[in-house]
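Below you'll find the structure, written out as structure tokens, and then a few comments.
The values are calculated or read from the model by the stated rules, or taken from the named source; none is laboratory data. Quick caveat: nothing in here was measured; it's all calculated off a predicted structure. Using ideal geometry, Cβ is built from the backbone for each residue, glycine included, and neighbour counts are taken over all protein chains shown.
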Amino acid sequence: MAPAFEEQLHDNDLLGPSPKTPGKKRIAVVTGSRAEFGLLRPVMTAIAAQPTLELAVIAAGSHLLLPANTVHEVKQAFRVGGVVPMQQPGKHTRIDDAEALGRGTARFARTFYKMNVDCVVVLGDRIEAFAAAAAASVGGVPLAHIHGGDRAEGVADEAMRHAITKLAHIHFPATRASADRIARLGEPESSIHVVGSPAIDGLSSIGDNATEVGNPEIVILHHPCGLSEADERAHAAAIVGACKGRVLVLAPNHDPGRLAVMETLRSAAERHNWLFVDHLPRERFVAVLKHLAKTNGVLIGNSSAGLIESAAVGCKVVNVGPRQAGRESAVNAIHVPSPSVESIAHAISTHRSSGPCGTVHPYGDGQAGPRIAGILAQIDLDNPALLRKRCTH
């Protein structure tokens, strides 16, 4: 369902805040990457369906980068009210990300003012979420954070996720363990709502057709994780060295170290005549995971999808390296913290010689989106006390 609100923000637009629909609270949902858009989509849909809420979508960061340019996927599903450029093409270092963070914070602040929002919703731990969180919290706009309290090393993910928690006023953790961690960070229990992961929402309605991508036996989805260039290449090389048969390779995200991982994966795909894809829309990606689950295939790499969505659909996973270290996982994942060709090949063989892994996981029942929207509709976003933060211990 598309929201009624649409307001394109331009660099030279210095007009005052846009008027709001009477009787509705305007909720700005920030999406900065292809991965978290898939998780945020059911939340956006549920917010748009709430009679007392009005959805405003802001697309930012890596959505705007070629070749995938996934902002078009966002625009196909929702009206985009604001666009916030951050990263620049070809720039993937830690310093580049720090500069992009500064650009994003400034632009988000002006965007929130222009769009006259009552609450900002972010998910996870990426720099787009952190920039939006800083702009909202410092700018006096209530901030809601989805998937706070998790542990996952990433590049700078662990620090940014918990920093966003301390900036946020409303918390939507995916699991009880994450909720307990948020409470131990000093956040009041009344602000913490365990809703499950929106990554689980809607999975049952997606099929398992993977013919468009060659019905793969193995899918590689491996991102950089803040290591040296040599180590990034070595981890990616160990993965491709262990893979045989029909392999689908998906491009890594735009975190620092992307170039080393991308070159290694693309080169291997060319040598072995594997299919290399820059981006799969979420429905097609989930269909591939279901295909792997049905055919005893394996997802290899370090995406959170290996520990969340894959667990929910029964897809076997080889989780490589430290990127997801600390994240809750189910029996579908074999962890290879120190990757080599031999250790990854052994994990693949172990998975393929075992029976189905089941679908038991800690991430909820697939109703996170409606729960989040319902809670936002009930909260008094105009209450000044909501913005006053105080550590509970």
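Would you check if Ile47 is in the same structural domain as Arg371 (by TED's automatic domain parsing), of a type in the set (A, V, I, L, M, F, W, C) and touching a residue at least 40 places away in the same chain (Cβ under 8 Å)? Quick ask: steps written out before the conclusion?
Values: in the same structural domain as Arg371 (by TED's automatic domain parsing): yes; of a type in the set (A, V, I, L, M, F, W, C): yes; touching a residue at least 40 places away in the same chain (Cβ under 8 Å): yes.
Considered against the rule, which asks whether it is in the same structural domain as Arg371 (by TED's automatic domain parsing), of a type in the set (A, V, I, L, M, F, W, C) and touching a residue at least 40 places away in the same chain (Cβ under 8 Å), Ile47 comes out as yes.
Which residue is nearest to Gly366 (Cα to Cα), if the candidates are limited to segment 37-83 and must be of a type in the set (D, E, K, R) and not in a loop (DSSP other than H, G, I, E, B)?
Arg41
Under the condition of being among the small types (Gly, Ala, Ser) and surrounded by fewer than 24 Cβ atoms within 10 Å (Cβ to Cβ), which residue from segment 39-58 is farthest from Thr21 (Cα to Cα)?
It comes out as Ala49.
List the number of the failed condition for Pro337; all other conditions in (1) more than 26 Å from the chain's Cα centre (by Cα); (2) closer than 27 Å to Cys315 by Cα; (3) free of Cβ contacts under 8 Å to residues at least 24 places away in the same chain; (4) exposed (fewer than 14 other Cβ atoms within 10 Å of the Cβ) hold.
The single condition Pro337 does not satisfy is (1).
Against the condition buried (at least 19 other Cβ atoms within 10 Å of the Cβ) and in a loop (DSSP other than H, G, I, E, B), how does Met86 come out, does it pass?
yes
Tell me, which helices (runs of 4 or more DSSP H) wholly within segment 227-330 include 3 or more residues that are within 21 Å of Arg151 (Cα to Cα) and modelled with pLDDT under 95?
Where helices (runs of 4 or more DSSP H) fall fully within segment 227-330, none carries at least 3 residues being within 21 Å of Arg151 (Cα to Cα) and modelled with pLDDT under 95.
Can you give me the number of residues within segment 360-390 that are in contact (Cβ under 8 Å) with a residue 40 or more places away in the chain and either buried (at least 16 other Cβ atoms within 10 Å of the Cβ) or part of a helix (DSSP H, G or I) (or both)?
So the answer is 20.
From the list Ala325, Ala347, Ala330, which residue is outside the structural domain of Gly38 (by TED's automatic domain parsing), surrounded by 17 or more Cβ atoms within 10 Å (Cβ to Cβ) and within 20 Å of the chain's Cα centre (by Cα)?
Testing whether each residue is outside the structural domain of Gly38 (by TED's automatic domain parsing), surrounded by 17 or more Cβ atoms within 10 Å (Cβ to Cβ) and within 20 Å of the chain's Cα centre (by Cα) leaves just Ala330.
If Val194 satisfies every condition in (1) within 24 Å of Ala305 (Cβ to Cβ); (2) buried (at least 22 other Cβ atoms within 10 Å of the Cβ); (3) β-branched (Val, Ile, Thr) but one, which is the exception?
(2)
For Val29, work out the one condition from (1) among the hydrophobic types (A, V, I, L, M, F, W, C); (2) at pLDDT 95 or above; (3) in a loop (DSSP other than H, G, I, E, B) it doesn't fulfil.
Of (1) among the hydrophobic types (A, V, I, L, M, F, W, C); (2) at pLDDT 95 or above; (3) in a loop (DSSP other than H, G, I, E, B), only one is false for Val29: (3).
Take segment 195-229 and flag every residue that is closer than 25 Å to Ala159 by Cβ and without any contact (Cβ under 8 Å) to a residue 24 or more places away in the chain.
Ser228, the sole residue that qualifies.
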